[in-house]
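**Student:** Dropping the structure in here first, questions after.
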Amino acid sequence: MSEPVYIIGGGRTDFKRNLKKEGKTIRHLIIEAGKKAIDDAKIDAGEVQAGTVGNFNAGQFTKQLQLGAFIPEIDPKLRGIPTMHTEAACASGALSVLLGAEWIMGGLYDVVLVVGAEQQKTMSSLDGSDVLGAAADYHNEKPEYGDFMFPSHKFTSTSTAQPKPTWQR
């Protein structure tokens, strides 16, 4: 029989921020959001038994992988807990929530910290669109959709009855 799962706290940062301009990295974002979630849950960080970070393509946007390794930086009491990083394009954060819930339902842990973090304002719009294109079948679809592949592909795949945007004509 699976254990019930509850989300007991949450924390978020301002989406409008530009961490690059602030001289901060995705590491800082993970720490800030994680601290806010623990504070909001009104628990001691020592109660957290595992953690996961959901993110899409930090390796290309920030040159940083192994994002789960930043969870212990949130609080010294988190050192030594198992952590990991999930990636599922636009569903990366949701996948981390599901993973945390499965760990609890399966009886592995009682308290799991889930953090979703993105830092995508690190390059030009053209280069950023190219990185986002990695969520598609990049090598087959890039020749078809060209520059700004990601918004072109999303627009075409979600609404074929609409005319092409003016920048795509």
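The values are calculated or read from the model by the stated rules, or taken from the named source; none is laboratory data. Please read these numbers as outputs of a predicted model, since none were measured by experiment. Cβ: placed from backbone, ideal geometry, glycine included. Neighbour counts: every protein chain shown.
**Student:** Name the residue that is nearest to the chain's Cα centre (by Cα), counting only residues in the stretch 7-26 that are in a helix (DSSP H, G or I) and modelled with pLDDT under 90.
**Tutor:** Across the stretch 7-26, the extreme among qualifying residues is LEU19.
**Student:** Sticking with this one: Residues to consider are LEU132, LEU99, LEU108; find the one that is within 15 Å of the chain's Cα centre (by Cα), surrounded by fewer than 18 Cβ atoms within 10 Å (Cβ to Cβ) and not small (Gly, Ala, Ser).
**Tutor:** Criteria check complete, one pass: LEU99.
**Student:** (1) touching a residue at least 12 places away in the same chain (Cβ under 8 Å); (2) assigned to a helix (DSSP H, G or I): which one isn't true of TYR109, the others all being true?
**Tutor:** TYR109 satisfies all of (1) touching a residue at least 12 places away in the same chain (Cβ under 8 Å); (2) assigned to a helix (DSSP H, G or I) except (2).
**Student:** Out of (1) modelled with pLDDT under 95; (2) in contact with a Lys or Arg (Cβ under 7 Å, 6 or more places away or on another chain), what's the single condition that is false for MET1?
**Tutor:** Only one criterion is unmet by MET1, namely (2).
**Student:** With ILE26, ILE43, ILE38, ILE31 as the choices, which residue is β-branched (Val, Ile, Thr), assigned by TED's automatic domain parsing to the domain that holds ALA89 and free of Cβ contacts under 8 Å to residues at least 60 places away in the same chain?
**Tutor:** ILE31
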